[in-house]
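Readers should treat all values here as calculations from the given coordinates under stated rules, not as data from a laboratory. As the structure is a prediction and not an experimental result, all values here were calculated from the model. Because the Cβ atoms are built from the backbone with ideal geometry, glycine has one as well, and the counts that use them run over all protein chains shown.
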Amino acid sequence: MNRLFAVLILLALIVIGVGFYRGWFALSKPNTEAGTNKVDVQLTVDKDKVQEDVDAVAKSATDLTESVTGGEAKTDEPANAEHDDATTAQP
């Protein structure tokens, strides 16, 4: 259980670190009035940037998969559908 918790914390830290590096997250401190003891910090999430990166990763994964499989197009029919029709047809 402790290992699972440690792995989840590690994954969260990695996502946060990559997010700040890629520009998904930004921290800002708005101007506050002088003489107050309050500190405001804002966390901004750039959803458009996250979506752009997700789309880029999906395209890269698709391109890599196509290069590994020889550029075969993905179809809904089984690869041996022609063979199955020929063997199940009765004369």
Requested in this report: Note the full-extension length gain between V15 and N2 as 0.36 nm times their separation in residues minus their Cα-Cα distance, in nm to one decimal.
Outcome: 2.7 nm
Query raised in the report: If each of K49 and T36 carries a label point 7 Å out from its Cα toward its Cβ, how far apart are those two points in nm?
Result: 2.7
Query raised in the report: Tell me, what ³J(HN,Hα) does each residue in the stretch 34-51 have, in order and in whole Hz, if you take phi through Karplus 6.51 cos²θ - 1.76 cosθ + 1.60 with θ = phi - 60° and put x for Gly and Pro?
Result: 5, x, 9, 9, 8, 10, 9, 10, 10, 10, 10, 10, 8, 5, 5, 5, 4, 5
